[in-house]
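Remarks on the structure that follows.
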Amino acid sequence: MSAEIAAVRCPVSALFGNQDEYGWRPSAMALFEHGTMSLEVIALSGVGHHPQQRARGETLQQLQRLIGRMGYTTQPTTTGKSGEGQQGTRARRPRGGQLKRLRRLRSR
């Protein structure tokens, strides 16, 4: 797996639960040891395996933060029939002037 990690060139944000019963530290250490990409590792306190299911709110907050850092905005959505179902978010790309400003910021 080290060769695959070394081949990754895009930024990586890895989210783990620090109580993961399968162990999250070896995966995080492999990213640090073999990766050359920009890397962010987050371990949610008191959360086990599958943080997207066991800590939905915290996971969504981290995703919204990451999406915001990329220059996108998020808005709440509801899935299901007639507004029933689970809450979520949808990312929107920046438009016009926003996009030009982001490109200038990224080129600095």
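Just one of the numbered conditions (1) outside any helix (DSSP H, G or I); (2) among the small types (Gly, Ala, Ser); (3) under 16 Å from the mean Cα position of the chain (by Cα) is not true of residue 68: (1).
With the requirement that a residue be surrounded by fewer than 17 Cβ atoms within 10 Å (Cβ to Cβ) and either in a helix (DSSP H, G or I) or not assigned by TED's automatic domain parsing to the domain that holds residue 24 (or both), what does segment 34-61 give you? The answer is 34, 52, 53, 54, 56, 57, 60, 61. Each residue in segment 12-27 was checked for being outside any loop (DSSP other than H, G, I, E, B) and either over 15 Å from residue 63 (Cα atoms) or basic (Lys, Arg) (or both), and 3 pass.
The values are calculated or read from the model by the stated rules, or taken from the named source; none is laboratory data. As the structure is a prediction and not an experimental result, all values here were calculated from the model. Cβ sites come from the backbone with ideal geometry, for glycine too, and all protein chains shown count toward neighbours.
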